[in-house]
Amino acid sequence: DLSLGDVSAAEQRRRLVISVDFDEFLQESGSFFRFADYMDAPQARELVKSVVAFGQHLYNEERPRAHFSRLILHIRQQRPDWKYALAGCWDALARWELAEPAETRLPCPSIIVFAMMSVAFLWGWTDVALCLGLAFEAGLRIGEIVSRVHISREASRMLWEHFTLPEDVFGLSRIRAAYLTIDKPKTRGKSATKQVGRIESR
């Protein structure tokens, strides 16, 4: 039912945590008002100013943008009558989105991944090394790799069943790459029911 707008218990806890952070920010900035005082106020004008200042603080501290949006959503949930009064908060969030880098960035340098794989090999954790390498080279979520690993079977054997190599198509492919089929991707409930990870590293 779209009219209910249910929020999970975990998300509710995250919103409460960020509201506490906002309260601490108000105290440190010397404000006479607390979060509860703002929520009891008849108008949201002063609250919006403080929330935008808090958003700037989060941005300067390089905190996740989701923290800022959670606070706005928490206020919106507590005061549905302020739907349009919070426009200034949403505008600040939109400016934050525009200010973030648009290009994609690697989660970590490749030399770090190779170092982690080397340590895993030295310790005899071949499955861990395999999962790290595949996730990094194919740009996959680690859960999409680890979910295929079962304690009773080696990861290499299980993952190999879902690989397609150039030799598997009778050598007709000119692209020297391997493909790993993901049966249950994160997007399966909204769009693609299957996805493919591409590995070009020899």
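The values are calculated or read from the model by the stated rules, or taken from the named source; none is laboratory data. Computed from a predicted structure; not experimentally measured. With ideal geometry, Cβ positions are generated from the backbone for all residues, glycine too; neighbour counts draw on all protein chains shown. Surface accessibility is based on the protein's heavy atoms, side chains included, excluding ligands, DNA and RNA. Shrake-Rupley method; radii C 1.70, N 1.55, O 1.52, S 1.80 Å.
The criterion of at least 2 residues that are of a type in the set (A, V, I, L, M) and at pLDDT 90 or above is met by the following helices (runs of 4 or more DSSP H) wholly inside the stretch 56-158: 65-78, 87-99, 110-122. Can you tell me which residue is most open to solvent (accessible area, probe 1.4 Å) among those in the stretch 177-202 that are part of a loop (DSSP other than H, G, I, E, B) and at pLDDT 75 or above? Among those residues, the one meeting the criterion is GLU200. Taking ARG13, is it basic (Lys, Arg), out of contact with any Gly (no Cβ under 7 Å at 6 or more places or on another chain), part of a helix (DSSP H, G or I) and surrounded by 17 or more Cβ atoms within 10 Å (Cβ to Cβ)? Answer is no for this residue.
Beta carbons closer than 6 Å, at least 6 apart along the sequence or on distinct chains, pair a first residue in the stretch 79-100 that is farther than 15 Å from LYS49 by Cβ and touching a residue at least 40 places away in the same chain (Cβ under 8 Å) with a second that is of a type outside the set (S, T, N, Q) and surrounded by 16 or more Cβ atoms within 10 Å (Cβ to Cβ) for TRP96/TYR59.
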